[in-house]
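What follows is a short report on a single structure.
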Amino acid sequence: MTSKKRTLGLAVAQMGPVHLADDRLAAVRRMIELMRDAKSRGAEFVVFPELALTTFFPRYWMTEEQAQERFFEKTMPGPATQPLFDEARALGLGFYLGFAELTPQGRPFNTSIIVGPDGSILGKYRKIHLPGHSDHKPDAPFQHLEKKFFDVGDLGFRVFDTQGVRMGMCLCNDRRWPETYRVMALQSAEIVVLGYNTPSVNIHWNEPVHLRTTTHLLSLQASAYQNGIWVAAAAKCGAEDGFHMIGSSAIVAPTGEIVARSLTEEDEVIAVRADLSLGEFFREHVFNFAKHRRPEHYRLIVERTGAGEPIA
Ligand code: ING
């Protein structure tokens with residue numbers, strides 16, 4: 001049985017370092033160049049990184065007020081980001097963008113949006129799995145203060161219809177948690193897009209550097225296969241003011257295979273024509289949720305937060 005081919009020109013726009021001295025306009029200018037490059041490769045949708053407009057500021061100790069003043073967006077689009085929306089509309093491109101959001105009520109979130117090819121914001125997501133810590137670790141080589149600077153996301157994991165596909169989104173650490181993708185696959189997601197900023201060095205233990213890339217790709221590949229979805233992940237990477245973050249931006253097919261991967265740790269576009277019917281085969285057979293799942297045996301996943309005693 002062959003499904004009618006449905007495809008989407010899917011690109012990931014990896015970004016190299018954004019330094020403390022770089023302002024949003026410099027980042028947006030780079031992103032506009034990446035959009036044009038993606039368009040020239042047949043892209044219809046482009047994925048940008050997490051916190052794409054600024055340096056990864058959770059690595060620095062400061063007050064919440066200082067962070068919000070310098071690194072958060074009070075409006076989206078705002079004066080600095082409007083040119084990105086204008087360019088996307090001119091090129092007829094949809095896109096995903098990660099940024100730090102300060103709501104009108106003063107709540108801080110690590111946020112991403114999906115924007116349609118007409119420049120309208122179709123969906124918003126606020127990061128749920130916040131890694132790191134909220135206390136100052138003066139002896140650490142750098143901080144990872146996402147639990148200090150951001151509230152836990154309050155919008156859940158949702159799926160949006162855009163450009164003829166069912167698209168879900170998440171952010172960085174979310175990609176390591178299987179629940180993230182399963183909740184969106186249960187909403188019939190066909191593609192999950194995400195951005196990330198992943199330090200090469202683990203401040204908690206001397207984790208071998210290669211493991212960061214291994215676990216990053218493993219998370220994408222396993223989740224794509226186990227949910228019959230495409231996964232597209234965009235890094236902001238390279239050494240930001242000397243603090244290195246991994247690249248390995250990738251587009252993964254529902255087979256779990258990496259079909260495109262970045263070669264550099266700089267601004268770089270990778271692009272594929274994603275065959276959405278590929279996911280249908282896996283969701284129809286191996287991972288036919290309706291036919292094979294048994295939620296009555298999965299209750300612990302929702303009832304327990306941490307690991308506890310074996311059930312009697
Ligand atoms: N960064 C890292 C990430 O999840 C991390 C933090 C790395 C946590 C490795 C655990 C292991 O890729 C962000 N921003 O979430």
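The values are calculated or read from the model by the stated rules, or taken from the named source; none is laboratory data. None of the values given here were measured: they were computed from a predicted structure. Because the Cβ atoms are built from the backbone with ideal geometry, glycine has one as well, and the counts that use them run over all protein chains shown. Surface accessibility is based on the protein's heavy atoms, side chains included, excluding ligands, DNA and RNA. Shrake-Rupley method; radii C 1.70, N 1.55, O 1.52, S 1.80 Å.
Worth pointing out:
- Element breakdown for region 7-303 at a 1.4 angstrom probe: carbon and sulfur atoms account for 55% of the accessible area.
- Rel. contact order, % - alpha carbon contacts under 8 angstrom, at least six apart, region 7-303: 22
- Assigned charges on the beta-carbon of Lys, Arg, Asp, Glu; region 1-41 dipole about Cα centre (debye): 440
- For the chain, the per residue solvent-accessible surface stands at 44 Å², with DNA, RNA and ligands left out and a 1.4 Å probe.
- Only DSSP H runs of four or more residues enter the estimate; each adds -39500 (n - 2.57), and after division by the residues of the chain the mean residue ellipticity at 222 nm equals -7500 deg cm²/dmol.
- Highest-fluctuation residue, GLY168, GLY42, GLY98 considered, GNM on the chain with Cα pairs under 10 Å: GLY42
- Each of ALA11, PRO58, GLN143 was placed along the dipole of region 7-303 (beta-carbon charges, centred on the mean Cα), and the one lying farthest toward the positive end is ALA11.
- The convex hull defined by the C-alpha atoms of the chain has an orientation-averaged projected area of 17.1 nm².
- Membrane-span-like helices in the chain (whole DSSP H runs, Cα extent of at least 27 Å along the helix axis, mean Kyte-Doolittle hydropathy of at least 1.6): none found.
- A probe of 1.4 angstrom, applied to the heavy atoms of all protein chains, finds TYR298 with accessible area near 80 square angstrom.
- Ordering of 30-36, 100-106 by burial proxy (mean other Cβ atoms within 10 Å per residue, highest first): 30-36, 100-106
- In a simple Cβ point-charge model (Lys, Arg +1; Asp, Glu -1; nothing else charged), the chain has a dipole of about 900 debye relative to its Cα centre.
- Per-q log10 I(q)/I(0), region 99-200, q = 0.11, 0.13, 0.18 Å⁻¹ (Debye; single scatterer per alpha-carbon; no solvent): -0.37, -0.51, -0.89
- Ligands, DNA and RNA excluded, the heavy atoms of ASP161 present near 100 Å² of accessible surface to a 1.4 Å solvent probe.
- Ligands, DNA and RNA aside, HIS129 has an accessible area near 40 Å² when probed at 1.4 Å.
- The DSSP beta bridges internal to the chain are antiparallel in roughly 65% of cases.
- When SER112, SER120 are compared by accessible area at a 1.4 angstrom probe, the order from most to least is SER120, SER112.
- When the chain is treated as a Gaussian network with alpha carbon springs shorter than 10 Å, the biggest mean-square fluctuation among PHE243, PHE149, PHE289 belongs to PHE289.
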